[in-house]
Amino acid sequence: MHKMYPKKELAQLVISACHQFDVDTVVISPGSRNAPLTIGFSNHPEIESLSVVDERCAAFFALGIAQQKRKPIAVLCTSGSALLNYYPAVAEAFYSDIPLIIISADRPKHLIDIGDGQTIRQENIFEHHILFSANLVENVKFNARNSQLIGEALQTAIVQKGPVHINVPFDEPLYDTVKELQTFSFPKISMSSLDNSNIEYEKLASIWNKSEKKVILIGVNYPNEELHNLMDIYSEDDSVLILTETTSNLYHDKTINAIDQLIFSLDTNDFEELKPDILITFGGMIVSKRIKKFFRNHKPKHHWNIDDKKATNTFFCLTEFIQTSPVDFFTNFNKIIENKESDYQPKWLKIRDNRRKKHTEYIKTIEHSDLKVFHQILNSCPKNIQLQISNSAIIRYTQLFTLNSSLTVFCNRGTSGIDGSTSTAVGAAFASDKQTILITGDLSFFYDSNALWNNNIPRNFRIILVNNSGGNIFKIIPGPSSTNAEKYFETPHCLTAEHLAKMYGFEYLKVFTSEGVEEELKGFYNKSNQPKILEIFTPSSKNDGILKEYFKFIK
């Protein structure tokens, strides 16, 4: 069958721009108003079109692909409420610096607000969480302006790494086709490059070299060997303590990788001892609430935040925003700083080692529970795989353990929502050469169960579902248990994944004991003809007590 392309020139314009700016993947949700674009993208020989029905899942699926490919991925939907379902992923992309191109079909302006179906006000709909909005007009007289807007949108997504929205109005007819796709030219938009000349390295080095207590705190970070090597250098300075989160993807023997494990039981005097003169932060969102509370209550004299886009004043004490990449900053800074004699790092690493020892002792004594299960799961993970972690209690449990340094770890920490964890993991699995394993809680899993309604799931994809029958995080955090509305926080349920697995073609395994977990994990990661779900049921009535005793024990 010969190729078919939309007759509508505006649709051809959008498709041509995506091709020229190397957008090679588009995730399409069905509809009629977007038919010209659907026909064009699905027939394009150099653009891969993937079909996902649920728009919320489609957007997070695309986000997972973009997360791994580190390049813009497009999503396409019809007009109306379909577009609104993209919003959670748009917000996540905005705060996680992930390039996501939202393309929405729309009615022309004269058909909006006339009492017709699926006509909502779509222009600038993501106004507060978007880098650029291109509102096009279906009229050849406006094609020069349309070209400029599309070009600027796509270049913004590429250079600034974030979501953009292209709203494309079509009048009927929608299904007329031609045999050829036109080629258009798009203006190159000048995007300001970073000017590193205004960074006062000498001034910063003078402060650094006089300080005996320095902390480098690293949040969400894509694996980067060059950055890893630079942090190795800083770890050899006894006056520098490096705190890494699980999502930092940085590993070293001289780092504090389980922050909550270290600081949970510290008193006021200990906090004053730990408080640094200088705090350097880079990377995305910090998971640990305790470290955020610590730096807000015990403010360092200097807080330097390094980022090539925007300053993040998480601890309300920012003194220096260094607008560059962490690699560039530390490469230059390393040339002019000196190591400082100090007992700061050795002291806290000794405390860390004691906490780790206590951690190991406690795990050996406990019965089947969330904490025990995480020990078993994280010990079982094969080398060189990708871990996708869902939010809430799941990422917090993971942060209590030392992971194998060959693992790469991702979690939607831009907004920290549970709404698209599975869809994102599916997208990441589709885009990655590595085996992808999602560790998720029951609420996250069931909330995003339509993520499994996707024909692009690799056979080696694995889901480990820790089912404690509700939002166990609300038993852990202070507050909910002091009210009479606990069931509305915890949302207890008796759901299981068994029938979902059967419906979507997953192999399904379930266990209720520590012994069962050990046994099932032995072959869980092996090659198979189907993706797999391992559902581990844990005792809701005991999990929070075991975790609270853990923190008492490791003091």
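The values are calculated or read from the model by the stated rules, or taken from the named source; none is laboratory data. No experiment lies behind these values; they were computed from the predicted model shown. Ideal geometry is used to build each Cβ from the backbone, glycine not excepted, and the neighbour counts take in all protein chains shown.
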**Prompt:** Can you spot a residue in the stretch 371-389 that is among the basic types (Lys, Arg) and either assigned by TED's automatic domain parsing to the domain that holds Asp260 or under 26 Å from Ile98 (Cβ atoms) (or both)?
**Reply:** no
**Message:** One residue is enough: does the stretch 434-441 have a residue meeting the conditions touching a helix residue (DSSP H, G or I) at 6+ places or on another chain (Cβ under 8 Å), more than 30 Å from Ile554 (Cβ to Cβ), of a type in the set (Val, Ile, Thr) and surrounded by fewer than 24 Cβ atoms within 10 Å (Cβ to Cβ)?
**Reply:** no
**Prompt:** Among the residues of the stretch 407-417, is any at pLDDT 95 or above, among the β-branched types (Val, Ile, Thr) and not in a loop (DSSP other than H, G, I, E, B)?
**Reply:** yes
**Message:** For the stretch 184-213: of the residues being among the aromatic types (Phe, Trp, Tyr) and part of a loop (DSSP other than H, G, I, E, B), which is nearest to Glu92 (Cα to Cα)?
**Reply:** Phe186
**Asked** Any residue in the stretch 385-398 that is small (Gly, Ala, Ser), surrounded by fewer than 24 Cβ atoms within 10 Å (Cβ to Cβ), at pLDDT below 95 and under 25 Å from Asp544 (Cβ atoms)?
**Response** yes
**Request:** Please find, within the stretch 96-124, the residue that is modelled with the highest pLDDT out of those that are surrounded by fewer than 21 Cβ atoms within 10 Å (Cβ to Cβ) and hydrophobic (A, V, I, L, M, F, W, C).
**Result:** Ile120
**Prompt:** Got at least one residue in the stretch 431-445 being closer than 17 Å to Gly470 by Cα, of a type in the set (S, T, N, Q) and without any contact (Cβ under 8 Å) to a residue 60 or more places away in the chain?
**Reply:** yes
**Request:** Consider Ile216 carefully, then state whether it is part of a strand (DSSP E or B), assigned by TED's automatic domain parsing to the domain that holds Phe282 and in contact (Cβ under 8 Å) with a residue 40 or more places away in the chain.
**Result:** yes
**Item:** Leading residue by the ranking (surrounded by the most Cβ atoms within 10 Å (Cβ to Cβ)) among those in the stretch 418-433 that are of a type outside the set (S, T, N, Q) and either in a helix (DSSP H, G or I) or in the same structural domain as Val52 (by TED's automatic domain parsing) (or both)
**Value:** Gly427
**Asked** All but one of (1) at pLDDT below 95; (2) surrounded by 20 or more Cβ atoms within 10 Å (Cβ to Cβ); (3) hydrophobic (A, V, I, L, M, F, W, C) hold for Ile218; which doesn't?
**Response** (1)
**Test: residue in the stretch 298-316 that is in contact (Cβ under 8 Å) with a residue 12 or more places away in the chain and under 22 Å from Phe551 (Cα atoms)** = yes
**Request:** Only residues that are of a type in the set (Val, Ile, Thr) and either at positive phi or modelled with pLDDT of 85 or more (or both): list them for the stretch 176-194, please.
**Result:** Thr177, Val178, Thr183
**Request:** Considering only residues that are hydrophobic (A, V, I, L, M, F, W, C) and without any contact (Cβ under 8 Å) to a residue 40 or more places away in the chain, look in the stretch 238-281 and name the one that is nearest to Thr312 (Cα to Cα).
**Result:** Ile242
**Message:** Could you check the stretch 150-183 and list, in sequence order, the residues that are within 30 Å of Asp328 (Cα to Cα) and part of a loop (DSSP other than H, G, I, E, B)?
**Reply:** Lys161, Gly162
**Message:** Every residue in the stretch 65-89 that is under 16 Å from the mean Cα position of the chain (by Cα) and either farther than 13 Å from Asp419 by Cβ or surrounded by fewer than 24 Cβ atoms within 10 Å (Cβ to Cβ) (or both), please.
**Reply:** Ile65, Ala66, Gln67, Gln68, Lys69, Arg70, Lys71, Pro72, Ile73, Tyr87, Pro88
**Asked** If we scan the stretch 327-346, do we find a residue that is among the basic types (Lys, Arg) and in the same structural domain as Glu236 (by TED's automatic domain parsing)?
**Response** yes
**Fill in**
Screening Ile256, Ile207, Ile242 for residues that are at pLDDT 95 or above, in the same structural domain as Leu318 (by TED's automatic domain parsing), among the aliphatic types (A, V, I, L, M) and farther than 19 Å from Ile322 by Cα leaves only Ile256
**Asked** Ile533: among the aliphatic types (A, V, I, L, M), under 27 Å from the mean Cα position of the chain (by Cα), closer than 24 Å to Leu495 by Cβ and not in a loop (DSSP other than H, G, I, E, B), yes or no?
**Response** yes
**Fill in**
From the option list Val90, Val53, Val75, single residue qualifying as part of a loop (DSSP other than H, G, I, E, B) and in contact (Cβ under 8 Å) with a residue 40 or more places away in the chain is Val53
**Request:** Would you mind stating whether Ala93 is more than 17 Å from the chain's Cα centre (by Cα), among the hydrophobic types (A, V, I, L, M, F, W, C), assigned by TED's automatic domain parsing to the domain that holds Asp171 and surrounded by 16 or more Cβ atoms within 10 Å (Cβ to Cβ)?
**Result:** no
**Request:** Would you check if there is a residue in the stretch 149-156 being touching a residue at least 24 places away in the same chain (Cβ under 8 Å), surrounded by fewer than 20 Cβ atoms within 10 Å (Cβ to Cβ), among the β-branched types (Val, Ile, Thr) and on the phi < 0 side of the Ramachandran plot?
**Result:** no
**Asked** Somewhere in the stretch 311-328, is a residue of a type in the set (D, E, K, R) and assigned to a loop (DSSP other than H, G, I, E, B)?
**Response** no
**Asked** Looking at Ser104, is it farther than 30 Å from Asp308 by Cβ and in the same structural domain as Phe142 (by TED's automatic domain parsing)?
**Response** no
**Request:** Mind listing whichever residues of the stretch 262-286 are modelled with pLDDT under 95, farther than 20 Å from Met231 by Cα and assigned to a loop (DSSP other than H, G, I, E, B)?
**Result:** Phe264, Ser265, Leu266, Asp267
